[in-house]
1. Given A:177, A:106, which one is more than 13 Å from every other protein chain (Cβ to nearest Cβ), touching a Lys or Arg at 6+ places or on another chain (Cβ under 8 Å) and either of a type outside the set (Asp, Glu) or part of a loop (DSSP other than H, G, I, E, B) (or both)?
2. Please indicate, with yes or no, whether at least one residue in segment B:268-279 is in contact with a helix residue (DSSP H, G or I) (Cβ under 8 Å, 6 or more places away or on another chain), assigned by TED's automatic domain parsing to the domain that holds residue B:243, hydrophobic (A, V, I, L, M, F, W, C) and surrounded by 16 or more Cβ atoms within 10 Å (Cβ to Cβ).
3. Of all residues being surrounded by 11 or more Cβ atoms within 10 Å (Cβ to Cβ) and of a type in the set (Val, Ile, Thr) in segment B:228-245, which is nearest to residue B:288 (Cα to Cα)? Just the residue, please.
4. Can you give me the number of residues within segment A:136-165 that are part of a strand (DSSP E or B) and touching a Pro at 6+ places or on another chain (Cβ under 8 Å)?
5. Quick one: how many residues across segment B:352-404 are of a type outside the set (Phe, Trp, Tyr) and not in a helix (DSSP H, G or I)?
6. Which is touching a strand residue (DSSP E or B) at 6+ places or on another chain (Cβ under 8 Å) and surrounded by fewer than 19 Cβ atoms within 10 Å (Cβ to Cβ), of A:249, A:245?
7. If a residue must be touching a Gly at 6+ places or on another chain (Cβ under 6 Å) and at pLDDT below 90, how many such residues does segment B:253-280 contain?
8. Go through segment B:142-169 and report how many residues are acidic (Asp, Glu), assigned to a loop (DSSP other than H, G, I, E, B) and more than 18 Å from residue B:97 (Cα to Cα).
Amino acid sequence: MKTKLALTGLVAAGAAALTLGAATPAAAEESLTIVSWGGAYSDSQREAYYKPFAKEFGVKVVEEEYNDEIAKIRAMVEAKDVTWDVVDVDMDTALQGCDEGIFETLDYGKIGDRSKFVVPSATDCAVGTIVYSTIFAYDADKLADGPTKIADLFDVAKFPGKRALQKSPFVNLEWALIADGVPAAEVYKVLGTPEGVDRAFKKLDTVKSQVVWWEAGAQPPQLLADGEVVMTSAWNGRIYGAVKNEGKNFRIVWDHQAPDFDLWAIPKGNPDLELAYKFVAYASDPKVMANQSKYISYGPTHTDALPLIAPEVLKDLPTAPENMKTALTLDPQFWADNGDQLRERFNNWLAQ
Amino acid sequence: MVSAAASAAIVRTADGTPLKARLRRVDRARKLKAVGLVAPLFLFILLTFALPIGTMLFRAVDNPEIPATLPRTVAALAEWDGSGPPDEAAYAALVADFKETQANKTTALAGKRINYELPGTRSKVVAAGRAAAKLTDGPFKEAMIAVDPIWGERDIWVVIKRAGRPYTSRYLLAAMDLQRDMDDRIGRVAPNQAIYFAVFVRTLGISLTVTLATLFLGFPIAYLLATVPTRIGNLLLILVLLPFWTSLLVRTTAWVVLLQTQGVINDALVSAGILAERVQLIFNRGGTIVAMTHIQLPFTVLPMYSVMKTISPTHVRAARSLGAGPFLAFWRVYFPQTVPGIAAGCLLTFILSLGYYITPALVGGPSDQMVSYFVAYYTNEELNWGMASALGVILLGLTAALFFVYNRLVGIDKMKLG
């Protein structure tokens, strides 16, 4: 009995010593938690930003993934327990988060020259990192004579089969109107009227039964590869990733592509503010930013970075001149004002 | 006389105390010991279950945004009768409130809350906040109406007054497809917005279908497991339990691979010549039910198996020897003894199915989404936790009501898990 007690005591003491000993070394290295969208995009950020940053500054970069769940950030900020240091957000989230006080107001003195960023991408609470574009793509192995313009996406007669669209009214409503004949320059004027919105939804009704709705960026190339759909809207870099890394024969249709920005934001109340700023400043350096285009076909948002990109990479970027010919200019202010009702209407339309 | 006789008849213990008192003392000690044993678990459940659920339920009626951002305006509107725009004092209060919200960066929160009742006004409130912060002295009424004519109409003031109350029924009404109009009357929302009733019906329907499917598929399996020799039975039991060790997400994704148009099942059926053309098995109701049934099967099978194992095989043999045919013996002797297990398994599966989110999201189409999808959507993307909580409250209420009915029909004491 006594020896048993003694033994258990020894084991317990040993375990305690081990855990205490193991706890201390980990605290020595600084760590930064960066949150992004996963998939091929995060892979490119790892190569272009996280690894070189970790090496140069001796900081451990912890990666996390999310899919635009701004609620998590809001919960953290409200609970005053912010564990995400830097978040890669889209334009809508950047504006909404800034309005609702979820992100820190950025001090551009610590980041770089604000005027050098492509115009709408340097906002009060977030600084631009990439130019990506929503396009649509098809598998050239399955469709030898593929679609060439946006109206083809909605033309079930000419190109029968399922399509995949993002589960959001964003860009889909604009494309529906353009496919219905509205000139691109007047899209937001028409969409601002109730009849215009009805018209867009009526056009979407024509393909509704044939649509598979995707939510995560990695789904469109997967759906295309599985043969589940004949064409899909997607973020261009993800299709490029499937072509380059997996040898798929996907073709992107650049007609009426919708270029948009991703930005870095820092949640408010972040305990590691200086380290977060260090990373954002590093990632906003034009030389570092230009590096990312090697890994994924997204363009830089710093005007000094564009000339640093190799010409064979340039042609796949959304900002290449031949791709920009019919590009649609998105209106973030329109979506900030009307996004709530349009999203609600879209969800109701989907659920019926 | 009676009392004397009665006191003479009191039973006493060895040390002289009345037996009744002694019994009471022992009982109390036993009860305290029992409470002491249960107390840690009770506290744990209280903290990790009851309290969070209570907070969620509270959020469904909580209305903090406007009282926090526009307190002076709400106070100024207390005496307002609701017809026509209010007086100058309300506008002055509004400007004072906006100056503060602009400083605290909370104007957009007020705009968002007002936008729930009056769509399209979020940007107007944000713009008004920005303009009001620049105003220095009155009269404020004309200045605000000049910023936007909406401030001269009664609608937005009705909304502010209504949203200024500490508790609101707005989210609960919206979760039932109802709304209050400007005159405080409750009515149905526009038909293209009325989706929640259908969603609840759909959720209950899918859960019931899955429960019945697992019952019909699981009963033979449980019977087999309970009646074969123990060694084979244990092996088969391991096969039933094996999916449990795989993550739910992995199992659902496996179903995606199986059910795809270019997937395994379609490939097999087409190459075997049974089908001429590939069938749509995924992103529809059929695929959802199949995947959910597969995932819920162990939950139904295991309680039934445990109960069946306790049924002695001699009962059926006795019934047969007394002249009953095989079906009659099964139906009158064996089946009633399995009802407690069936009741437990089905209840478990039904309630679990009500809360399903991942499987319909990955395998179902947009018209197969259950309530939990909308709860997740409002929590994560719309940041409308009031609406998410309201949907949760209604689901909880429905589940409680159904359980009450179930209890009346079957009885909780009649359920056994083994």
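1. On the way: A:106 fails: touching a Lys or Arg at 6+ places or on another chain (Cβ under 8 Å).
Just one listed residue meets the conditions, A:177.
2. no
3. Going through the qualifying residues, I end up with B:240.
4. Of the residues in segment A:136-165, the ones part of a strand (DSSP E or B) are A:136-139, A:163-165.
Filter once more, keeping what is touching a Pro at 6+ places or on another chain (Cβ under 8 Å): A:136-138, A:164.
Qualifying residue count, segment A:136-165: 4.
5. The initial filter retains those residues of segment B:352-404 that are of a type outside the set (Phe, Trp, Tyr), namely B:352-355, B:358-372, B:375-376, B:379-384, B:386-402.
Subset that is not in a helix (DSSP H, G or I): B:355, B:364-365, B:369-370, B:381-384.
Adding up the residues that qualify gives 9.
6. Values: A:245 fails: touching a strand residue (DSSP E or B) at 6+ places or on another chain (Cβ under 8 Å).
Going through A:249, A:245 in turn, the sole match is A:249.
7. Going residue by residue through segment B:253-280, those that are touching a Gly at 6+ places or on another chain (Cβ under 6 Å) are B:257, B:259, B:262.
Narrowing further to those that are at pLDDT below 90: B:262.
Residues in segment B:253-280 being touching a Gly at 6+ places or on another chain (Cβ under 6 Å) and at pLDDT below 90: 1 in total.
8. So the answer is 1.
The values are calculated or read from the model by the stated rules, or taken from the named source; none is laboratory data. Bear in mind that the values here come from a model prediction, so they are computed numbers and not experimental data. Heads up, the Cβs are rebuilt from the backbone with ideal geometry, glycines too, and the neighbour counts pull from every protein chain shown.
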